[in-house]
Amino acid sequence: MIKAKQQGKELRMIVSFTHLPGTPLVVNTKYRNEIKNPKDLRGRPVGVTAPGSATDLLMRYMMSKEGVRPEEMKIIGVGTNTIVPAIENDQVVNARVKANRWMATTPVEKWADVLPPELVGDRATWIESFKASRETFTADSLPTKEAVMTVLRTFEAVGQIPNATRMDPDGLIDTRFVRKALERK
């Protein structure tokens, strides 16, 4: 969205899943003893949704904070699911607002109950992990100026968009759709 805005396209963030960065760094258990911190990824392949994506940006930012330059990693796009049909059918905002409300008021153990067991895996570990990261999720789904500024600072810090913080964060969000969904209860 920010890169599109920079290219003159008029896109807006309409719903927020989280109000804090919450993208986990996941390592295959067979490397558990070799990879203990982000610096241990130096020289290894690292999967992100796609080059230039939010997960790529966060990975580059996190690694830069650890003193690892992008050229010291092999960044690989591993894909994502598309949500275009859901957006076209006006399903995304309402579903996301309802999901965020439910998550804000429901114990994490119940989250695990409604998910397929193969997604949860080790239940105790899954619950512990989501309890530790629960505060990243937003209850009201509203994108905020502060959150957009954090993303802009991150883009600028990793050199993805020089002078990103000069962009107007208010021009990157539109809360009308979420506010309408919130009124529906």
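The values are calculated or read from the model by the stated rules, or taken from the named source; none is laboratory data. No experiment lies behind these values; they were computed from the predicted model shown. Note that we place each Cβ from the backbone using ideal geometry, even for glycine, and neighbour counts take in every protein chain shown.
A few notes on this one:
- Restricting attention to segment 53-79, the residues that are in a loop (DSSP other than H, G, I, E, B) and either at pLDDT 85 or above or under 16 Å from residue 26 (Cα atoms) (or both) total 7.
- When segment 85-120 is filtered for residues that are charged (D, E, K, R) and modelled with pLDDT of 80 or more, the ones remaining, listed by number, are 98, 101, 109, 110, 113, 118.
- Filter result for residue 46 (among the β-branched types (Val, Ile, Thr), at pLDDT 80 or above and either assigned to a helix (DSSP H, G or I) or surrounded by 11 or more Cβ atoms within 10 Å (Cβ to Cβ) (or both)): yes
- Qualifying residue in segment 161-169 (condition: of a type in the set (Val, Ile, Thr), over 25 Å from residue 49 (Cα atoms) and either in a helix (DSSP H, G or I) or at pLDDT 85 or above (or both)): no
- Scanning segment 4-20 for residues that are at pLDDT below 70 and surrounded by 15 or more Cβ atoms within 10 Å (Cβ to Cβ) yields a total of 1.
- The residue list 165, 144, 136 contains one member that is within 24 Å of residue 7 (Cβ to Cβ) and touching a Leu at 6+ places or on another chain (Cβ under 8 Å), which is 165.
- Residue 153 being closer than 15 Å to residue 99 by Cα and in a helix (DSSP H, G or I): no
- Within segment 138-160, the set of residues being of a type in the set (Asp, Glu) and modelled with pLDDT of 85 or more comprises 140, 146.
- Identity of the residue in segment 93-142, closer than 24 Å to residue 179 by Cβ and in a loop (DSSP other than H, G, I, E, B), that ends up farthest from the chain's Cα centre (by Cα): 106
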